[in-house]
1. Over segment 92-131, what number does the Rg to Rh ratio reach, with both radii from the alpha-carbon atoms and Rh per Kirkwood?
2. Divide by every residue of the chain the summed helix terms, -39500 (n - 2.57) for each DSSP H run of at least 4, and state the resulting mean residue ellipticity at 222 nm, rounded to the nearest 500 deg cm²/dmol.
3. How do 44-53, 20-29, 271-280, 220-229 rank on mean C-beta neighbours within 10 Å, highest first?
4. About the Cα centre of the chain, what is the dipole size in debye to 20, counting +1 per Lys and Arg Cβ and -1 per Asp and Glu Cβ, all else neutral?
5. Grab the Cα-Cα distance for Asn293 and Lys90, subtract it from 0.36 nm times how many residues apart they are, and report the gain in nm with one decimal.
6. With axes computed from alpha carbons, what is the tilt in degrees of helix 172-182 against the longest principal axis of the chain, rounded to the nearest 10 within 0 to 90?
7. Farthest toward the dipole's positive end in the chain, which of Asn206, Phe87, Leu3, given Cβ charges of +1 (Lys, Arg) and -1 (Asp, Glu) about the Cα centre?
8. Would you work out the charge dipole size for segment 258-301 about its Cα centre, treating the Cβ of every Lys and Arg as +1 and the Cβ of every Asp and Glu as -1, and quote it to the nearest 20 debye?
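Bear in mind these aren't lab numbers, they're just calculated from the coordinates by the rules spelled out. Just so we're clear, the structure is a prediction, and the values are computed from it rather than from any experiment. Because the Cβ atoms are built from the backbone with ideal geometry, glycine has one as well, and the counts that use them run over all protein chains shown.
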Amino acid sequence: MTLVQPSEGEMKVNGLRLHYFEWKGAGTRPLVLMHGLRDYAYYWQDCANRLLDEFHIFAPDQRGHGESEAAPGGYLVWALASDLARFVDKIGLQRFDLVGLSLGSRVSMAYARENSLRLKHLALVDMGPQMARVGAVGLKKDMTSKAERPPSSFSLGEARSFYQQQWPSLDDASIERLIQNSLVQGDDPSASADAERLRAGGMYSNRYDRRLADVTTKAAIPEIDFLWDSLTHVRCPALVARGENSPILDDEISSRMVRSLPEGQLYVFKDTGHSLPRLAPELFADLIRSFLNDAPLPAQPD
């Protein structure tokens, strides 16, 4: 099946160049999708195509990710939520649905704190105000590693093969655009020696600012109480979704999230990990569609 390719644009947001995708189909209801840490807006290509019959979809590369500009001022949730607020204002959305995955979930919580009356629905996917301990420890170790080899450096052929295995539903044109959005030849500018080595060898690395590691350190601790309190201010229907085997969002945290939300409900994907739109694409799209239409949530497959 040939997938619909999004149009794309750029704008200045809080002094930074922000890149975004826009999927247009038969649907007219505005829906904003926020990606996770070290991920990219084109991550949503499969999911967006499953929802285009009802929704007009926007997805930005968050600052420091993909084709958006890196941020010298940092990546704490207040700055990211401010980017989202200015983004939706600039594209002219008055009321819309919002889905946030992982880091995008935290950003969506912070945005909804002051803006939930502009939201028809809010879906928070596999990330809470704080992470389950096993996930927090593992992510911090991965993000703050001092290893000399840049993270995930590989040839273009290796990248293409990897994405084809990860995203079997994507057609060839989508795989090529995903590579463009998610990879850069060389490494980030803060590692010039590695960048020169990678360029000389035709190698690629993941396209995100390595300073995003700050969100896994003590600098982000003040976000936790702020985000827990933010949930109590949400005044629209809210869904918390998590993978049963996710190391990031466990039962204790997700249950507390639902209790904190005035109109919250929980959905758990059986035998599934963190990256729900990729690991269970059909069920995830069905869940989002049902929730946004105030319909009964789908049953789990046998």
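1. Looking at segment 92-131, the ratio lands at 0.98.
2. Theoretical 222 nm ellipticity from helices: -11000 deg cm²/dmol.
3. For the peptides 44-53, 20-29, 271-280, 220-229, the packing ranking is 44-53, 271-280, 20-29, 220-229.
4. That gives the chain a dipole magnitude of about 620 debye.
5. Between Asn293 and Lys90, full extension yields 70.5 nm more.
6. Result, in degrees: 80.
7. Phe87
8. 120
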